[in-house]
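Working notes, structure below.
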Amino acid sequence: MSNIAELANCPELSFIESMTLQETEEQLRELYTKYYREATGNEPEIGEADPLNLLMKAFCAMEYQTMQYADAKGRMEMLKTSTGDALDALAALVGLTRKEANRATATVRFTLSEAQNGATAIPTGTRVKSEDGKYFNTVEYGEIAAGETYTDVVVQAEEAGADSNGILTGGIKILVDPIAYVASASNTTPSTGGLDAEDDDSLTRRIYLAPSVYSCAGPRDAYEYYAREWRGDVADVRIVSPLPDEVNIYFVIEDENGLRVPNSTELTAMAAYLDDETIRPLCDKVTALAPGEVGYAITVKYWIAESDQRSVSEIQSRIAAAVADFQTWQRKLGRDINPTELIARLREAGAKRVTLTAPVDTVIEATELPKCSGATVTYGGLEDD
């Protein structure tokens, strides 16, 4: 079932009104009794082991199974509750397909032991790998010119998905396929761009926004649709028009570490994508921008009730998880910094009393992204209930 905010108020339909197997059997028996009475003038007598009773039970089980199947199929036709292949079929109705997984890329520098008199070829498909065993292949032919000692070549992960992202500079340094005179290989840029296959929530949101593109006036939803269409890891978008015919697109990227602001390369690529004449209305000037990050810190002290002293370790673990979950919840475009939410989460995790020094209530603009600079969480001990 979809978790997107746009469908939060959409009712979740049931096509069998939550009917149970027992209710199905009761209805059948009531109908049988009614028809038997009308036909004979008598009340039916059916024993527990009567073949008719067993037949009724078997029929009701099959009927209920059919009802459940029909209910499931009906729910798959509704955008809010559709998943998997059924959601793919709904996407096809508006001309969309689920985004496939992408492979991460990086730039690797191949270095010779010494300069050579002739060119040294780096064949397409040359394999390198990281220390944790993630393989990358060169996607183009490279060549170290005569008299030079190195060349840079783009490599691509063998396996698609986000797992190959975030390998830092120098982390891809094992040359799997030896090349004469090449002494070392090492990535000069971190690995980026790997994406898992699009999940149901992301596809649901794009289906929801798809009708907006039929307008020729450049509506807000259409720009959001295209911003999300650019790449599957666009997690949130804000559209701002400071002046007529000017459109600023603020967006954030989700990677293995959570939400982050886009880098300069991603901003340029997004702007170029949105500048296509099939997307941008003729008079609009579209600019892709990174949200401004607003920092906040967490400083909190908590106490646990004496009656929970046997669960102190468990509660402390829940407190730590609650603080981490709050940071994830808080890191959303335009979400005001809300200390009350943190206190509520800590109380729910088992804290008897909470003293919060930071953060404080802070209004966040729609184009700003909260960022926690650090958390100091202190256990104050046990207190009387």
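Readers should treat all values here as calculations from the given coordinates under stated rules, not as data from a laboratory. All values reported here derive from a predicted model rather than from experimental measurement. Positions of Cβ are backbone-derived with ideal geometry, glycine not excepted, and every protein chain shown enters the neighbour counts.
Miscellaneous remarks
- With a threshold of 18 Å on the Cα-Cα distance, the over-threshold entries among K332/K371; K301/K332; K134/K173 are K301/K332.
- The chain, helix-only ellipticity at 222 nm - DSSP H runs n ≥ 4, -39,500 (n - 2.57), divided by all residues, nearest 500: -10000 deg cm²/dmol
- Shown is the FRET efficiency for T376 and E341, computed with R0 = 22 Å from the Cβ-Cβ distance and rounded to the nearest 0.05: 0.75.
- Remark: region 174-181, residue by residue, has Karplus-estimated 3J(HN,Hα) of 9, 7, 6, 9, x, 10, 3, 6 Hz, where x stands for each Gly or Pro and the curve is 6.51 cos²θ - 1.76 cosθ + 1.60 at θ = phi - 60°.
- Secondary structure note: in the chain, about 70% of the DSSP beta bridges are antiparallel.
- Expressed per residue, the C-alpha convex hull volume of region 36-113 stands at 221 Å³.
- Expressed to the nearest 5 percent, the antiparallel share of DSSP beta bridges inside region 295-383 is 40 percent.
- T265-K285 pseudo-label distance in nm [points 7 Å out on the Cα-to-Cβ vector]: 2.9
- When only Cα pairs below 8 angstrom with a gap of at least 6 residues are kept, the chain shows a relative contact order of 12 percent.
- Taking only the C-alpha atoms of region 209-331, the Rg (one decimal) and the largest Cα-Cα distance, Dmax (whole number), read 20.8, 68 Å.
- The charge dipole of the chain, taken about its Cα centre with unit charges on the Cβ of Lys, Arg, Asp and Glu (plus for the first two, minus for the last two), comes to roughly 880 debye.
- Each residue of region 9-24 was assigned a 3J(HN,Hα) from its phi angle through the Karplus curve 6.51 cos²θ - 1.76 cosθ + 1.60 (θ = phi - 60°); the sequence is 8, 7, x, 8, 7, 10, 8, 10, 6, 6, 5, 9, 4, 4, 5, 4 Hz, with glycine and proline shown as x.
- When the chain is reduced to its Cα atoms, the Kirkwood hydrodynamic radius in Å: 26.7
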